[in-house]
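See structure below.
The values are calculated or read from the model by the stated rules, or taken from the named source; none is laboratory data. Everything numeric in this text was worked out from a predicted model, so none of it was measured. Please note: Cβ atoms are built from the backbone with ideal geometry, for glycine as well, and neighbour counts cover all protein chains shown. Please note that ligands, DNA and RNA were not included when accessible areas were found on the heavy atoms of the full protein model with its side chains. Shrake-Rupley method; radii C 1.70, N 1.55, O 1.52, S 1.80 Å.
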Amino acid sequence: GAGKTTLLNLIQGDHPQAYAHDVRLFGRATDSTQTLWEARRRLGWMSPELHQYHPAGWTALEVVCSGYFQTLGLYEPCSRARRRTARQWLASLGLDAVAGRSFGELSFGQQRLVLLARAAIHRPRLLLLDEPCQGLDAGQRTVMLQAIDDAVARTGASLVFVTHRADESPRCITHRLTVRA
């Protein structure tokens, strides 16, 4: 209720007010669809809404590959090199055995890790992670937070991490902003 998710939606241009205000990403105004899409290519994002609406029938490998195109599902061919990189991401998360399984068959925690790989696959400059640990048990949360630290180190991306819980932050966090309703 304080506007954390709204702020992330403004940053990624997924909110109508993004066009009504002077929102800048990577030093450029996002006042046109073209500049917004150019900026979005530098973003990686993950949210409960993305998780909820992601097609369950795509394989884990296809979901990760869709991060190259920032689509819900894979509608363009993914090159062999990109598929190899996607497999490497899955392997680094301990998910190499599920690459060919459908997203909907995976456990909730595995789905979240696949979506993290999807967000990071194209080496974004900025990762926007909205409640990535929501719905995870303590063990899964620990795995996710370590995976986020690894993804930030691997990509060199800056991170905006939204959570309701102060004890639920990856170690790579260096600055905090508390937003109250």
Check your understanding: Going through the stretch 95-136 one residue at a time, which ones are open to solvent by 60 Å² or more (accessible area, probe 1.4 Å) and either within 20 Å of Gly57 (Cα to Cα) or out of contact with any helix residue (DSSP H, G or I) (no Cβ under 8 Å at 6 or more places or on another chain) (or both)?
Key -> Asp96, Ala97, Gly100, Arg101, Glu105, Phe108, Arg125
Exercise for review: Given the conditions (1) surrounded by fewer than 14 Cβ atoms within 10 Å (Cβ to Cβ); (2) outside any loop (DSSP other than H, G, I, E, B); (3) without any contact (Cβ under 8 Å) to a residue 40 or more places away in the chain, report the number of the one that Trp89 does not fulfil.
Suggested key: (1)
Point to revise | Candidates Ala153, Ala157 - the one that is more than 20 Å from Ser47 (Cβ to Cβ) and either open to solvent by 50 Å² or more (accessible area, probe 1.4 Å) or in contact (Cβ under 8 Å) with a residue 12 or more places away in the chain (or both) | key: Ala153
Exercise for review: Output the number of residues of the stretch 160-175 satisfying the condition of being without any contact (Cβ under 8 Å) to a residue 12 or more places away in the chain and closer than 25 Å to Arg123 by Cβ.
Suggested key: 2
Review point. Of all residues in the stretch 147-165, which are closer than 14 Å to Asp130 by Cα and either in a loop (DSSP other than H, G, I, E, B) or among the aromatic types (Phe, Trp, Tyr) (or both)?
Key: Phe161, Thr163, His164, Arg165
